[in-house]
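For reference, the structure discussed in these notes is given below.
Please treat every number below as a calculation from the coordinates, not as lab data. This structure is a prediction, so every number in the text was calculated from the model and none was measured. Here the Cβ is made from the backbone with ideal geometry for all residues, glycine too, and neighbour counts use every protein chain on show.
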Amino acid sequence: MGQGAAAGLAGALVMTAGEKIEQRCTGRADSHVPARTLERLVGLPEAPRRQPWALNVAMHAGQGMLLGVLRGAMASAGLRGPWASAMFWAVRLTNDQTLENATGVGAPPWTWPRREVVVDLAHKAVYATVTGLVADRLAARHGPGPGQIHARKRKGRHPHIGPPPRRDASTDD
């Protein structure tokens with residue numbers, strides 16, 4: 001869990017730095033949607049005219065770390081590399097949209113201007129990629145995950161063949 005949280009924090013920091021660079025280049029204003037979402041999730045008083053920078057940082061870092069735990073678990077299980085990061089990218093996007101829409105702070109992305117969708121997809125891809133790289137590197141220190149061990153023994157999915165015996169799923173022979 002700790003390794004995943006660290007990976008998620010790294011991903012969130014790089015994503016946030018990328019957002020700041022992109023905003024300087026494009027002139028796009030800061031979004032306070034993360035802060036407004038956090039205000040509603042935890043019942044904080046809303047101050048629409050205030051620019052809640054600290055809450056934005058807290059939401060970015062908190063979501064990054066919390067979701068990073070999942071990516072760390074994926075890496076530990078043997079789900080590593082670009083495919084795993086692509087799956088995780090979808091999780092990050094889904095998490096954001098669920099929270100933002102459930103609180104009424106956001107709207108479904110298909111209602112956004114196309115440019116905003118592209119920007120959001122790109123920044124979340126940076127998060128997923130960096131989080132994945134760090135989580136994969138940390139997990140690799142402990143050897144292959146059970147899924148990787150299984151794949152080495154019998155590649156692919158086979159409808160009539162079950163998993164390897166438990167004793168074989170945690171050692172690399």
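The convex hull built on the alpha-carbon positions of the chain has an orientation-averaged projected area of 12.4 nm². Counting only Cα atoms, the size of the range 1-99 along its three principal axes is 46, 35, 21 Å, in decreasing order.
Straight-distance candidates among the lysines for linking to K20, with alpha-carbon spacing under 16 Å and chain neighbours fewer than 8 residues away dropped: K124. Taking the centroid of alpha carbons for each part, the range 1-32 and the range 79-126 are 13 Å apart. Sorting 106-116, 16-26 by their mean Cβ neighbour count within 10 Å, with the most densely packed peptide first, gives 16-26, 106-116.
Taking the helices alone, the chain has a mean residue ellipticity at 222 nm of -23500 deg cm²/dmol, built from -39,500 (n - 2.57) per DSSP H run of at least 4 residues and averaged over all its residues.
Placing dummy labels 7 Å off each Cα toward the beta-carbon, the span from V57 to R114 is 3.7 nm. Axis angle, to the nearest 10 degrees, between helix 114-140 and the longest C-alpha principal axis of the chain: 40 degrees.
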